[in-house]
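Reading through the structure tokens given below for one structure.
The values are calculated or read from the model by the stated rules, or taken from the named source; none is laboratory data. Source: prediction; values computed, not measured. As a convention, Cβ positions derive from the backbone with ideal geometry for all residues, glycine included, and neighbour counts pool all protein chains shown.
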Amino acid sequence: MKTAPNDAPIPLVLAADGPLRGTVTVPGDKSISHRSLMLGALAVGETVIDGLLEGEDVLATAGALRAMGAEINKTGNRWHVHGVGVGGLLQPETALDMGNSGTSTRLLMGLVASHPLTATFIGDASLSRRPMGRVIEPLSLMGASFAAAPGANARQCLPLTMTGLCPAVPLRYTLPVASAQVKSAILLAGLNTPGETTVIEPVATRDHSERMLAGFGATLRIETAAEGRVITLVGEAELRPQAIIVPGDPSSAAFPLVAALIVPGSEVTIANVGMNPTRAGLVKVLQAMGADISVVQPRTVGGEPVADLHVRHSPLTGIEVPPDDAPSMIDEYPILFVAAAFAQGTTVMRGLEELRVKESDRIAVMAAGLSACGVACTELDDGLRVTGSGGEPVAGGATVAANLDHRIAMSFAILGLHARTPVTVDDARPIATSFPDFLAMMQALGAR
């Protein structure tokens, strides 16, 4: 991808002159990468991380942790984190720039909440539009305070200045909406809080935080009750450094996966993909639509289930996707919308209110772009209804707006692989936030 002067947008068009073939790997899991850096920064000693995602979002987390006293560096392909211990984070001298990363922002707010320091969180234009109220509420109950910039609106958006409380107040909190970020922020705040901090999730969300907290030596209890999944963390923890191998991100694997399904004759293997049950919803849904996806050599790496995915071009059939599947694949819905565009019949996807407050309003932006490319779709309050082409190429021919959203940009680039007229993504730069090697990987499979 060529650079453009003066931060100008970089348009992107992908095309496929024939089948996509080959074996590829995808970047390390973004969720696990963020958490491994954060918990490594709170452990005493050296945590070693292999396979860390080196996208802009994760690097924003690393930069913020360095600003608060952790030593983080890279040697070869391996990252080393020398932690400061739970309660040992230092006052940052400058604002913490979160770039485009909502995960960095919300989870780091959890860390700061139970430390005696003040931090200002800033971000790019996209992140600065995303409301932070859902994490501000529980962290305020634990004693943290928040101040908006002068003239800021009432949506509780960045920039925000946050002051932690030490000792913080232990909390028992029921999540009003399914959110792994809010759950994780509360648990991270609980690490330096006396007593027990409890999060109740009526709908289970991705459990990377619980797995990794236990691996670092925190004491947790996880129970199933009538009110939902109950996670209790014992505070004032002492974390032990770890050696971590980060599996491939299933959200990134979704793009070559769907590309192989829609381009005739394609056969692709994606190696070393994380298959955590709380993240593997897309594979299950695509298989229900008729996708030929084989889960090969399932194994456990660093406490996380991992497998290779072998996928062949397949005729897809529209289905009604159960709303209960949304938490296990919430980031994959934009590329699922693309898969639905090539299915026979109509696919209905609901229960997706969370997509309205991602890097963009992913329901509205995807609906607009699909319609511009000749795909019949109807925007719903909580989702999208897509009527597919039955495997035929879509019309294409449009320039679609990515709205500074990496997953939107990659989704429409994949759509263009099987379009009668090229599909242009207006700006490919946001892709670097999560998948810096996306174009190189697609070229290795035969796209141009």
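Table for the structure above
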item	result
Given (1) exposed (fewer than 15 other Cβ atoms within 10 Å of the Cβ); (2) in contact (Cβ under 8 Å) with a residue 12 or more places away in the chain; (3) part of a strand (DSSP E or B), number of the condition Ile270 does not satisfy	(1)
Options Val301, Val296, Val283, Val306; residue that is within 21 Å of Thr23 (Cα to Cα) and over 22 Å from the mean Cα position of the chain (by Cα)	Val296
Residue that is surrounded by the most Cβ atoms within 10 Å (Cβ to Cβ), among those in region 404-444 that are under 16 Å from the mean Cα position of the chain (by Cα) and among the hydrophobic types (A, V, I, L, M, F, W, C)	Met410
Selection count, region 343-389, where residues are under 21 Å from Ala402 (Cα atoms), more than 21 Å from the chain's Cα centre (by Cα) and not β-branched (Val, Ile, Thr)	13
Residue list for region 290-313, filter: among the aliphatic types (A, V, I, L, M) and farther than 21 Å from Arg206 by Cβ	Ala291, Val296, Val311
Sole exception among (1) of a type in the set (Ser, Thr, Tyr); (2) within 18 Å of the chain's Cα centre (by Cα); (3) farther than 24 Å from Ser36 by Cβ for Thr163, by number	(2)
Hits in region 344-354 - residues which are surrounded by fewer than 24 Cβ atoms within 10 Å (Cβ to Cβ) and not polar (S, T, N, Q)	Gly345, Val348, Arg350, Gly351, Leu352, Glu353, Glu354
Selection within region 317-340 - touching a residue at least 40 places away in the same chain (Cβ under 8 Å), in contact with a helix residue (DSSP H, G or I) (Cβ under 6 Å, 6 or more places away or on another chain) and among the hydrophobic types (A, V, I, L, M, F, W, C)	Met329, Ile335, Phe337, Val338, Ala339
Within region 357-403, considering residues that are among the hydrophobic types (A, V, I, L, M, F, W, C) and surrounded by fewer than 20 Cβ atoms within 10 Å (Cβ to Cβ), the one nearest to Arg129 (Cα to Cα)	Val357
Qualifying residue in region 303-317 (condition: of a type in the set (A, V, I, L, M, F, W, C) and surrounded by fewer than 18 Cβ atoms within 10 Å (Cβ to Cβ))	no
Residues of region 52-109 classified as hydrophobic (A, V, I, L, M, F, W, C) and assigned to a helix (DSSP H, G or I), total	10
Residue check, Leu188 modelled with pLDDT of 95 or more, assigned by TED's automatic domain parsing to the domain that holds Gly228, under 23 Å from the mean Cα position of the chain (by Cα) and closer than 25 Å to Pro277 by Cα	yes
Wholly within region 137-199, strands (runs of 3 or more DSSP E) carrying at least 1 residues that are in contact (Cβ under 8 Å) with a residue 40 or more places away in the chain and either surrounded by 16 or more Cβ atoms within 10 Å (Cβ to Cβ) or out of contact with any His (no Cβ under 7 Å at 6 or more places or on another chain) (or both)	160-163, 172-174
Test result for Thr269, under 30 Å from Gln344 (Cα atoms), at pLDDT below 95 and not assigned by TED's automatic domain parsing to the domain that holds Leu171	no
Selection count where residues are among the aliphatic types (A, V, I, L, M), more than 17 Å from Leu213 (Cα to Cα), over 22 Å from the mean Cα position of the chain (by Cα) and surrounded by fewer than 24 Cβ atoms within 10 Å (Cβ to Cβ), scope region 78-125	4
Single match in Val234, Val283 (criterion: crowded, with 24+ Cβ neighbours inside 10 Å and either among the β-branched types (Val, Ile, Thr) or outside the structural domain of Leu439 (by TED's automatic domain parsing) (or both))	Val283
